[in-house]
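Notes follow once the structure below has been shown.
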Amino acid sequence: MSQSTVWVLITYNRGTEDEVEVFSRREDAEAEALEYALAFWPEELGAAPLTYQDLETAWNKHGLWGTDDARWELAGREVR
């Protein structure tokens with residue numbers, strides 16, 4: 001049996017349903033995560049990151065993971 005990797009993105013939305021999306025390409029999942037997170041980017045931090053990798057670095061640097069309305073998880077999972 002062959003295996004494939006799918007990319008699962010969970011976004012936590014304050015006051016509404018959390019969302020789970022599954023992507024066949026990592027690039028698509030990262031683009032969706034970037035779009036989600038940039039809606040919460042604090043203007044006082046200046047220009048928003050342009051790539052998912054820069055977003056993760058900035059989110060960690062500025063301690064932005066603690067907010068309930070600006071959290072996501074992105075993970076690859078092997079499926080058959």
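The values are calculated or read from the model by the stated rules, or taken from the named source; none is laboratory data. Given the structure is predicted, the values throughout are model-derived calculations rather than measurements. FYI the Cβ positions are ideal-geometry reconstructions off the backbone, even for glycines, and counts take in every protein chain you see.
If I go through region 1-58 residue by residue, how many of them are over 29 Å from residue 80 (Cβ atoms), surrounded by 13 or more Cβ atoms within 10 Å (Cβ to Cβ) and small (Gly, Ala, Ser)?
Final tally of qualifying residues: 3.
Give all pairs with beta carbons closer than 6 Å in which a residue from region 6-30 that is small (Gly, Ala, Ser) meets a residue that is assigned to a strand (DSSP E or B) and at pLDDT 90 or above; count only pairs at least 6 apart in sequence or on separate chains.
29/7; 29/9; 29/23; 29/74
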